[in-house]
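Before any comments, here is the structure.
The values are calculated or read from the model by the stated rules, or taken from the named source; none is laboratory data. Since the model is a prediction, treat every value here as computed from it, not as a measurement. Cβ coordinates were reconstructed from backbone atoms using ideal geometry, including for glycine residues, and neighbour counts include every protein chain displayed. Side chains included, ligands, DNA and RNA excluded: accessible areas come from the protein's heavy atoms. Shrake-Rupley method; radii C 1.70, N 1.55, O 1.52, S 1.80 Å.
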Amino acid sequence: MGNSTVETPDLSLMAEALRREPPDSELNYLNAERGLWSWLTTVDHKRIGVLYIISILFMFFLGGMAAIVLRIELLTPERTIMSADTYNKAFTLHGAIMTFLVLVPSIPATLENFVLPLMLGAKDVAFPRMNLASWYCYIVGALVMMASLIFGGIDTGWTLYTPYSTETSGGVGLVLVGAFIVGFSSIFTGLNFIATIHKLRAPGLSWFKMPLFVWGMYATSLIQVLATPVLGITLLLLLMEKVLNVGVFDPALGGDPVLFQHFFWFYSHPVVYIMILPAMAIMSEVIPVFSRKTIFGYKAIAFSSMAIAGVGFIVWGHHMFVSGQSSLAATVFSFITFLVAIPSGIKVFNWLATMYRGSISFEAPMLYAISFLLLFAIGGLTGLFLGSLAVDVHLHDTYFVVAHFHYVMMGGSLMAFIAGLHYWWPKMFGRMYSEKWAAIACGLIFVGFNATFLTQFLMGARGMPRRYYNYLEEFQPMHVFSTVGSWFVLAGFLVMLTYLIASLRKKKADAPGNPWGARTLDWEETSSPPIAHNFHHTPVVTHGPYDFYPQESGR
Amino acid sequence: MSESSATLNQQQTQHPFLQHHFTDAEQQFDASKIGMWLFLVTELLLFGGLFVAYGILQSMHPEAFVEAHHHLDRTLGAFNTGVLLLSSFTMVMAVWAAQVSKRKALIVNLSITLVLAGGFLVVKYFEYAHKFYDGLLPGSFYTFEGGTAANQHIFFSFYFMMTGLHGIHIVLGMIAMGWLLRRAIRGDFSARYFTPVDLVGLYWHLVDLIWIYLFPLLYLVG
Amino acid sequence: MTPETEAHHPHAGPKLYLVILGALLVLTAVTVAAAGVDFGSSSANLVIAMIIASAKASLVALYFMHLRWDKPLNATIFVAGLCFLGIMLTFTFMDNTTRVEVHTRMAFTPAIVPPDEGTPEEGAAEEEPVSAVSAAESATIH
């Protein structure tokens, strides 16, 4: 597997053909069946992935507009365009949509759904009907959550802390029920993929010959199955507290409000690893391909994925340093938080080592991958500030936290999702997009993102609290700068939407089977787009996933 | 009958219900089992959360929990434990019957399991009715006058939440068993294919497992 | 082992299952009896009850749920679930049982007094936000 022996490339005729020529007009999964009903009742993992892409991009724009709007409010220290109540609802809506309805399902339900069976040489995931059920849970859950807007929405923050969430009326109940339903979507997805990875690998595809994307998604799926039920019981307990006053979180009834936080963060910390592990998984695919060099440290990256998943379960108390936890608990959680940074660091160094002396090309996926490396590094390092007990006392609930998690979630997870979307776009739809406009969009997003959030590190360190509607005059210039940055981000996404839709509207499918020259089954053994059953014959794996052809320059 | 359709029928009878993306029945069976065990783990963590909350609140109010739990009828609880254990036995007998293609035994055992499950719920109904009568209800509905320790209502909050969630799972299990019964009568299951019976059996055993812990926690030690 | 071969030679039959059922019923009787005996502290009773319950659970898992004869992956999945539940339990308890009541060091009445009869109204009425320290306490907790 993957070393520098110079040998005649072992190309099957089919792989060679796929690299050079666009497909003939054979039936593929997109046109094999027609009509809305065929889409709504599909059990084809590829179609379900596309259904999810549409749903999630829609929710992303909804949540994004909430952010745009609340940042406009923050242009002035007093009221700008909305009341304080509306502002609270805006940031709650933004947070709830972005975490539950966008980032958690994003890569697993869209790209992994599409790509995993192709990468494994399988005809579908283990449980195709469960896959469709997962999408319906997502849709129904999202609708129920959005229905809360009819009742005035919720203003508790996406974290739903007690006692406010139990005492306030309005749409909290609907959000709890909706999130509970969406949780099933996540569980079904994870469950499906674990079974698929264990049982549906093609002949010759041993665990250490799998693309690293699969390792990352396997680790993600483990977290989905283990952590999401705890969110489920947390939401149920909150519902019981509201309806029956059970007294679990209410001190007046003998309960403990901090217990809610333990329950909530036991899920919500691993959930951020559900968001970042798939992003890292995509990096492990994109970076070798666009450096034309085998991945550095395959096993280290594979085991780091598992380590992040495992250790990520025992750090949740770092969200509660100032909530009234015991000092012992706080110290233990802080210490372990430092440990969990190690495997992430290993991965970043390995990706850099992969790029070193590689033959790097700057197509859209690689532009976003490089953005990821820079932005995730910043986000990850600032996490260490927040994990330090004494420093966190000052930084907790300030804009420093907001900037940190936007750097890792948006600069990290979302950038990687976009990289993956651009990487697999030709495979999914058989069409290439405009590289020029993709680069422009990337530039707008990168500049805008840093303008928006780098500023917020400074604000937070100087004491600007998060979720505040009014603020001190001295923070206004930075708030204005941050808001203007958000407009650049919006512009970038609008450009992206435009050229992606334009690519779909091309009449002729112009994408070759393997435009990037990758060496994994999803690229080498399928057409672009793939046929409904993925493969004509079950593929047999004979080489490693990153065995690129040696360059003429001789190495 | 042409040769190709004969082959097809042969494949059908050899591997009924084999889905197209699996290469053989064994792979499908193994994958289904893995899927079911993963689902059971999610149930474990769902109920587990309630156990953790119970543990924390009990450590905060030990006297209240000890005093409150005396209102529970140990005999009825032990009886229900026996009922559920027996139903686990009949369920695993149903799986065995399917494995050795004994259709009648499968139907009989599934039916007995269903009846026992129903019996469990009937006993719970009587227990709940008694609590309602006494005012031993969760949270703000607690109206029982008496007892010395404060916050006894928390115990009953947990009693109703935990046995309630458990009861919901019993009902869902009964629905699954009803579906199995229908398919068993139709003759779907045999030594060649008994996966659904196996999987529902696993679910039912988990429901039993949870009760094995609930019973002593609620009824015996408080 | 294919489902077909498993079926022709199932690992266990009615006899074994009957024996396990008997053991389960006996253990149930034992745990009820043990609950009547005072073993010293209340936590001792709890520990003993949980040990007996775990023995019963192991019998159900190993024999009724076939883990004894299944592929090891299934047992690994189940045990992993138990481990993570254990993590949740342990770390949460670690916090809740090691908290030090800050205000007891200050020697004045706490801000919230537990209600006498367990009804919410009384508890709320007895709330007395008194001093600067308790106000500062509530300021840091948000």
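Restrict the check to region B:120-134 and report whether at least one residue is over 30 Å from A:PHE249 (Cα atoms) and in contact (Cβ under 8 Å) with a residue 40 or more places away in the chain. Within region B:120-134, one or more residues are over 30 Å from A:PHE249 (Cα atoms) and in contact (Cβ under 8 Å) with a residue 40 or more places away in the chain. Tell me yes or no: at least one residue of region A:178-187 is within 11 Å of chain B (Cβ to nearest Cβ), under 28 Å from C:ALA80 (Cα atoms) and either of a type in the set (S, T, N, Q) or outside any helix (DSSP H, G or I) (or both). Scanning region A:178-187 turns up at least one residue that is within 11 Å of chain B (Cβ to nearest Cβ), under 28 Å from C:ALA80 (Cα atoms) and either of a type in the set (S, T, N, Q) or outside any helix (DSSP H, G or I) (or both). Selection of region C:63-78 for residues being at the interface with another protein chain (Cβ under 7 Å from one of its Cβ atoms) and either under 9 Å from C:ALA12 (Cβ atoms) or not in a loop (DSSP other than H, G, I, E, B) (or both) yields C:PHE64, C:LEU73, C:ASN74, C:ILE77, C:PHE78.
All of (1) free of Cβ contacts under 8 Å to residues at least 12 places away in the same chain; (2) farther than 16 Å from A:ASP250 by Cβ hold for B:ALA149 with one exception: (1).
Output yes when any residue across region A:208-217 is over 28 Å from A:VAL402 (Cα atoms), open to solvent by 30 Å² or more (accessible area, probe 1.4 Å) and not acidic (Asp, Glu), and no when none is. Among the residues of region A:208-217, at least one is over 28 Å from A:VAL402 (Cα atoms), open to solvent by 30 Å² or more (accessible area, probe 1.4 Å) and not acidic (Asp, Glu), which makes the answer yes. Of the helices (runs of 4 or more DSSP H) that lie entirely inside region A:361-472, those containing 1 or more residues that are in contact with a Cys (Cβ under 6 Å, 6 or more places away or on another chain) and in contact (Cβ under 8 Å) with a residue 40 or more places away in the chain span A:364-387. Just one of (1) farther than 20 Å from A:PRO229 by Cα; (2) free of Cβ contacts under 8 Å to residues at least 60 places away in the same chain; (3) facing another protein chain (nearest Cβ under 9 Å) fails for B:TYR193. It is (2).
Counted as qualifying within region A:63-154 are the helices (runs of 4 or more DSSP H) with 2 or more residues that are over 30 Å from A:GLY544 (Cα atoms), namely A:84-96, A:128-147. Considering only residues in region B:205-222 that are in contact (Cβ under 8 Å) with a residue 40 or more places away in the chain and closer than 14 Å to B:TRP37 by Cβ, the one that is nearest to the other protein chains (Cβ to nearest Cβ) turns out to be B:HIS205.
Look at (1) over 18 Å from B:VAL207 (Cβ atoms); (2) modelled with pLDDT of 95 or more; (3) in contact with a Ser or Thr (Cβ under 7 Å, 6 or more places away or on another chain) and you find that B:ILE34 fails only one, number (3).
Conditions (1) more than 20 Å from the chain's Cα centre (by Cα); (2) surrounded by fewer than 22 Cβ atoms within 10 Å (Cβ to Cβ), marked per residue:
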site	(1), (2)
A:GLY121	yes, no
A:ALA142	no, no
A:LEU149	yes, yes
A:TYR164	yes, yes
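Among the residues of region A:236-265, just one is open to solvent by 10 Å² or more (accessible area, probe 1.4 Å), modelled with pLDDT of 95 or more and within 10 Å of chain B (Cβ to nearest Cβ), namely A:LEU236.
Restricting attention to region A:73-85, the residues that are surrounded by fewer than 16 Cβ atoms within 10 Å (Cβ to Cβ) and within 30 Å of the chain's Cα centre (by Cα) add up to 2. For region A:426-450, taking the residues that are open to solvent by 10 Å² or more (accessible area, probe 1.4 Å) and of a type in the set (D, E, K, R), the one that is farthest from A:SER503 (Cα to Cα) is identified as A:LYS436. As a summary of the residue check, A:MET217 satisfies the conditions (1) without any contact (Cβ under 8 Å) to a residue 12 or more places away in the chain; (2) under 19 Å from the mean Cα position of the chain (by Cα) except for the one numbered (1). From the residues in region C:27-45 that are open to solvent by 50 Å² or more (accessible area, probe 1.4 Å) and either among the aliphatic types (A, V, I, L, M) or in contact with a strand residue (DSSP E or B) (Cβ under 6 Å, 6 or more places away or on another chain) (or both), which one is nearest to the other protein chains (Cβ to nearest Cβ)? It comes out as C:ALA29. Would region A:272-283 turn up any residue that is modelled with pLDDT of 95 or more, part of a helix (DSSP H, G or I) and closer than 17 Å to A:ARG357 by Cα? Checked region A:272-283: no residue is modelled with pLDDT of 95 or more, part of a helix (DSSP H, G or I) and closer than 17 Å to A:ARG357 by Cα. Total residues in region C:14-26 satisfying the condition of being open to solvent by 60 Å² or more (accessible area, probe 1.4 Å) and facing another protein chain (nearest Cβ under 10 Å): the figure is 2. Selection within region B:135-160: residues that are open to solvent by 20 Å² or more (accessible area, probe 1.4 Å) and in a helix (DSSP H, G or I). The member of this set that is nearest to B:ASP73 (Cα to Cα) is B:PHE160. Quick check on A:VAL332: is it within 19 Å of A:ALA281 (Cα to Cα) and either touching a Lys or Arg at 6+ places or on another chain (Cβ under 7 Å) or not in a loop (DSSP other than H, G, I, E, B) (or both)? Considered against the rule, which asks whether it is within 19 Å of A:ALA281 (Cα to Cα) and either touching a Lys or Arg at 6+ places or on another chain (Cβ under 7 Å) or not in a loop (DSSP other than H, G, I, E, B) (or both), A:VAL332 comes out as no.
Taken over region A:129-140, the criterion of being within 14 Å of chain B (Cβ to nearest Cβ) and open to solvent by less than 10 Å² (accessible area, probe 1.4 Å) is satisfied by A:ASN131, A:SER134. The residues listed here are C:MET1, C:MET65, C:MET106; of these, the one that is of a type outside the set (Lys, Arg), farther than 30 Å from A:ILE336 by Cα and at pLDDT 95 or above is C:MET65. Remark: A:ARG431 falls outside the filter, which requires a residue to be of a type in the set (Lys, Arg), more than 30 Å from A:ALA532 (Cβ to Cβ) and more than 14 Å from every other protein chain (Cβ to nearest Cβ).
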